[in-house]
Structure formats: structure tokens, C-alpha cells
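Here the structure comes first, spelled out in C-alpha cells, and everything after it is commentary.
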Amino acid sequence: MSELQPDLVRAYQHCRDVTRRSGSSFASAFWMLPAPQRRALHAVYAFCRLADDIADDPDVHGDRNRLLGRWREELDRSYRGVPEHPVGRALADAAARFELPESLFHDLLLGVEWDLTGGTVETYDDLRRYCYRVASTVGLLVVRILGYRHPGSLDYAEEMGIAVQLTNVLRDVGEDAASGRTYLPRADLERFGVNELALKNRELVDELRLLLGFYAERARIHYARAAALLPEADRRRLRPAEAMGAIYRALLEELQRQGFPCLQRSVRLSKRRRVAIAASIWLGRPSSPAWSSPAANGALS
């Protein structure tokens, strides 16, 4: 970071620390990138992480809506060149270097706001809109940082974001239900005969198992669509994004293999396995069904 001013170096280091502490798959997919891209991704992740914590972290105290409003103000300050928070300072630099649209961050904050207000997911269209806001927006930022050239890469990023967030919904369905949130659409709960009380009580009844399986297949469709949309001209450039998708696809298969234990505990792929999947994609190796096997996944965390 020798070309950066000391204050900016510290701001990026702060973002890197936020990313590392999270234990997210995000870091596993992008650790081999050149420093400028890696720094920008850390800034994007830190902004999203702190926004998400406003909605979800039990250690956050005070008026959460007001805190979210202040985070929006920091975003505005970042794009006006007068940020105050370390994450805002890093984001301002990353946004200028990689021409990141401010509108994508505001769309993401709309998703966080929806979490805060406890909006109801009535239909799959509602869920897809939410997935776009909290995940596709991040993908659209990532492909810009990776230097996409073909416009089809934006369609790829949007579709992959939907697939990844559906996987998150399945992974966290138990924790979300316990906190009073249900992201599975009410229309589908009714169609499959799932009583919301059973979901909140974390009872894996047959009807719910079928619904979770249905949504696992729905996620697979989005992963397949994303793969079909990825332009060959950008494939090498977007391998880190492919790595992220491959990690979440492996998680999806593990969830189903274990019979969706996520009502009782949260399933995670081990860091070792995430790094192995990412490295395989980075090296240009074809997707392997072994990623979803018990032996290949190793310990879960």
C-alpha cells in the first residue's frame, strides 16, 4: 500500500480486519487477487458487513433505524469525498478507482431496511427482490472490481447473487425463524402445507422438508442460469466470482445431503474446504461433484 496516504492505508487495514474477523467465504474466494482489487473488495465487504450488523447483531444497541440512517449518510459523504468513518474513507477510494455506482449501495441498504422493518415475504417475487438487494448488488460491485468487459457479466452477477442468497436463506432458516423472520414466501408455505408455527418451533416436519428441497432446486436453477450467462470472454477475469459461487453451491449440496439440519444448527463449510474450492476454480479446473461429498467437505464450522 506504499502508494496510499497513511490515513488511507489504515482505513483499508480496518476493512481487511472486519473481513477477516467475519470468517466469511468472501475472503476465501478473493485472497489471491492483486492488492488494489483485494483492498476494494475488503472495503465493499466491510461496508456491507457493518450495515448488516445494524439489522442483525444483538450487540448493537440504540435506535437501529437511526443507525442505518447514519450509515446512509456516511455513504453519501463517501461519494462526496468527505467520509468520516474508516470504512467510508476506504470505500470512497475504491469507488473512485473502480467506478462503483452509488445506486448499488443504496439498493443494498434498502434490503437492510427491509430486515429492520420486518417486511413480509408474500411471494417468490418478493424474495427475489430481497435477494437482489442484499446479494446481487454485491455481485454487481464485485464484477466491476474484477474488471469485467462483456455486458453479459452483469447478468451473470445478478443471477449468481440470487442463487447465493437463496442458499443463505436455506442455511439460516432456523436462526431466522427463531428471531421472528421468515424469508420463505408465505404463498409457498401455504402451498406446501407448512404451518409457520412449526417453522418458528424448528420442527422439521415432512411438509417443511419438501419445501426446503424445493427451494434447494430453485437455487440450483439460478446457479445453472448464472453459469450459462457467464461470457467466455470474461471467464478468466471473473474466476474469483466463480469461486464464490462454487463455495456456496457446495454448501447448498451439503445442506441437502444432511437433510437440512439448519433448523437446529447452522451448517458451514470448513475454511480449508472453502480455500480448496476457490483454489480449484482459480486454477481453471472443472467443477467437481466431489465438493458436495461428505469426505470432501471435511469438518464443518
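Read-outs throughout are calculated quantities, based only on the coordinates presented, and are distinct from any laboratory measurement. Because the structure is predicted, anything quoted here is derived from the model rather than measured. FYI the Cβ positions are ideal-geometry reconstructions off the backbone, even for glycines, and counts take in every protein chain you see.
Over the stretch 103-258, what is the mean sequence separation of C-alpha contacts under 8 Å (at least six apart), divided by residue count, expressed as relative contact order in percent?
Relative contact order, the stretch 103-258: 29 percent.
What is the projected area of the convex hull of the Cα atoms of the stretch 120-266, averaged over all directions, in nm²?
8.2
Rounded to the nearest Å, what's the spacing between the alpha carbon centres of the stretch 102-127 and the stretch 149-182? Just the number, please.
12
Roughly how compact is the stretch 7-110, stated as its Cα Rg over 2.2 N^0.38 Å to two decimals?
1.02
Using the basic label-point model (7 angstrom from Cα toward the beta carbon), what is the Asn201 to Ala35 distance in nanometres?
5.8
Can you give the FRET efficiency to the nearest 0.05 for Glu217 and Arg186, using r as the Cβ-Cβ distance and R₀ = 25 Å?
On the way: r = 20 Å, r/R0 = 0.78.
The value I calculate is 0.80.
At what distance in nm do the modelled label points of Asp125 and Asp59 sit from each other, each positioned 7 Å from its Cα along Cα→Cβ?
4.1
To the nearest 10 degrees, how steeply does helix 239-257 sit against the main Cα axis of the chain, on a 0 to 90 scale?
Once rounded, the angle reads 20 degrees.
Can you pull the one-decimal nm distance between simple spin-label points at Asp7 and Arg237, each 7 Å off the Cα toward Cβ?
Reported label-point gap for Asp7 and Arg237 is 3.3 nm.
For the stretch 47-144, calculate the relative contact order in percent as a whole number, restricting contacts to Cα pairs under 8 Å that are 6 or more residues apart.
Rounded, it is 28 percent for the stretch 47-144.
Given a cut-off of 36 Å, what percent of all Cα-Cα pairs of the chain lie beyond it?
More than 36 Å apart: 14 percent of the Cα pairs in the chain.
For the stretch 221-227, just list the computed ³J(HN,Hα) in residue order, Karplus coefficients 6.51, -1.76 and 1.60, θ = phi - 60°, integers in Hz, with x standing in for Gly and Pro.
After applying 6.51 cos²θ - 1.76 cosθ + 1.60, I find 4, 5, 4, 5, 4, 4, 4 Hz.
To the nearest 10 degrees, how steep is helix 35-56 against the longest Cα principal axis of the chain, on a 0 to 90 scale?
The answer is roughly 50 degrees.
Give the peptides 73-85, 155-167 in descending order of average Cβ contacts within 10 Å, highest first. Spell out each step's value before the answer.
Working: 73-85: 16.5, 155-167: 25.2.
Answer by packing, highest mean first, reads 155-167, 73-85.
Step through the residues of the stretch 259-271 one at a time and calculate ³J(HN,Hα) from phi using the Karplus curve (6.51 cos²θ - 1.76 cosθ + 1.60, θ = phi - 60°), rounding each to whole Hz and writing x for Gly and Pro.
Per residue, the Karplus-derived 3J(HN,Hα) values read x, 6, x, 5, 5, 9, 8, 8, 8, 9, 7, 5, 4 Hz.
Amide H to amide H, which residues 5 or more places from Leu269 or on other chains are under 5 Å from it, using H placed in the peptide plane?
Here Ser301 satisfy the definition.
Normalised by the residues of the chain, what does the relative contact order come to in percent, with Cα pairs under 8 Å and at least six apart?
Relative contact order for the chain comes out at 18 percent.
Quick one: helix 86-98 against the long Cα principal axis of the chain, what's the angle to the nearest 10°, folded into 0 to 90?
The angle comes out at about 80 degrees.
What number comes out for the charge environment of Tyr124, summing +1 per Lys or Arg and -1 per Asp or Glu over other residues with Cβ under 14 Å away?
Net local charge, Tyr124 excluded: -1.
Just to check I understand the Karplus step: with θ = phi - 60° and J = 6.51 cos²θ - 1.76 cosθ + 1.60, what whole-Hz values come out for the stretch 176-190, glycine and proline as x?
5, 4, 5, 8, x, 10, 10, 8, 5, x, 4, 4, 6, 4, 5
Under 12 Å from the Cβ of Ala216, count the other residues' Cβ atoms, weight Lys and Arg +1, Asp and Glu -1, and hand me the total. Could you put the intermediate results ahead of the total?
Numbers: positive: Arg171, Arg209, Arg218, Arg220, Arg249, Arg257; negative: Glu217, Glu253, Glu254.
That sum, taken over residues with Cβ under 12 Å, equals +3.
What order, most packed first, do the peptides 184-196, 34-46 have when packing is the mean number of other Cβ atoms within 10 Å of each residue? Before the final figure, lay out the partial values.
On the way: 184-196: 16.4, 34-46: 22.1.
Sorting 184-196, 34-46 by mean packing, highest first, produces 34-46, 184-196.
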